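The values are calculated or read from the model by the stated rules, or taken from the named source; none is laboratory data. This one's a predicted model, so the numbers in the text were calculated from it and none came from an experiment. All Cβ positions, even for glycine, are placed from backbone atoms using ideal geometry, and neighbour counts span all protein chains on display. Accessible surface areas use protein heavy atoms only, side chains included; no ligands, DNA or RNA. Shrake-Rupley method; radii C 1.70, N 1.55, O 1.52, S 1.80 Å.
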Amino acid sequence: MSKRADVALDGSVVEAGLNPLSISGIRRRLGTMAGEHQLFLFHEVESTNSTLSRLARSGAAEGAVVLAERQTAGRGRLGQPWFSPAGVNLYLSVLFRGPLALEDAPVFSLIAGLALTDAVRAAGASPAIKWPNDVLVSGRKIAGALIECAARGAEVDHLIVGVGVNLNVDLDVLARALGPAAASATSLRAATGREVHRDTFAADYLNALDEWARRYREEGPEPILTTWRERDILTGRQVEVCGGGQPFVGRVAGVDSHGRLIVQDAVGDRRLVTVEEIRPCD
Ligand code: BTN
């Protein structure tokens, strides 16, 4: 049983698609941590991360989940918009609270990537991760995560893990919305040839997120890093690092225990990358 009542704030979700999200459909597929999640389902929000941030500031408990059928101002990493059409995809944010040191917050990027790849595998595709948490199938992006953090000194007050997943969006709709960038994007339906059941995907993702977060709490970063390295496609590759000051080219040496990318530059210095954009050169 959930500790607090779930909230579906707008009955019109049912009109949003043939396969609308439903709180009961997600809840009955949740595992042992089901009781830790209060679910809020909206027809439309600007951004599930922003909505959850407001709920967090007014005292929402750890585990609160905001889902929406559509976002009007979905946000991606590096200030990019996130295309969020109604009724076809997944836009979902989860609230975590401390204790957590601020410098360890990027590990949640890796945790989100692991949980997303678990759910994508369960749906029948073979995903890989491009640091920090882009999920690719056959080299094209289907999902990403935006981690946002409120700090109190050197500690995390709360942290929001928001994911966007292209589940059933038509590729021609994606092409019209994204323009040339659509060439490097796809949907899970296109990858598997099957319509994706969104409640099932959402529950698979939440179950996997709960499990990786539990392991991190109980065992520290090692199990996260070990599995993440198996799914990572950047280590060993030549990349261009941009967007965080002077761009530079280097070879990816891996991730450190805080989730930062380690890139060896042209003179052999190991640089730690936190939020920049990474473009493979080879
Ligand atoms: C990325 O740039 O790859 C991250 C995309 C994250 C998008 C999701 S959709 C749900 C949540 N709400 C947002 O505004 N952004 C995240």
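Remarks
- Where strands (runs of 3 or more DSSP E) fall entirely within the stretch 108-182, those with at least 1 residues that are within 13 Å of the ligand (Cβ to nearest atom) and open to solvent by 10 Å² or more (accessible area, probe 1.4 Å) are at 127-130, 134-137, 140-152.
- Screening Arg215 on (1) basic (Lys, Arg); (2) more than 25 Å from Gln80 (Cα to Cα); (3) touching a residue at least 40 places away in the same chain (Cβ under 8 Å) shows it passes everything except condition (3).
- Matching residues, the stretch 89-99, being more than 13 Å from the ligand (Cβ to nearest atom) and either modelled with pLDDT of 95 or more or among the charged types (D, E, K, R) (or both): Phe96, Arg97
- Flag for Glu211 being in contact with a strand residue (DSSP E or B) (Cβ under 9 Å, 6 or more places away or on another chain) and open to solvent by 50 Å² or more (accessible area, probe 1.4 Å): no
- In the stretch 223-251, the residues that are open to solvent by 50 Å² or more (accessible area, probe 1.4 Å), without any contact (Cβ under 8 Å) to a residue 24 or more places away in the chain and part of a helix (DSSP H, G or I): Thr226, Glu230
- Figure legend. Inter-residue proximity from the stretch 84-95: first residues outside any strand (DSSP E or B), second residues among the hydroxyl-bearing types (Ser, Thr, Tyr) and near the ligand (Cβ under 8 Å from one of its atoms), beta-carbon distance below 6 Å, spacing 6+ or different chains. Indicated pairs: Ser84/Tyr91.
- Qualifying residue in the stretch 187-204 (condition: at pLDDT 95 or above, open to solvent by less than 10 Å² (accessible area, probe 1.4 Å) and outside any helix (DSSP H, G or I)): yes
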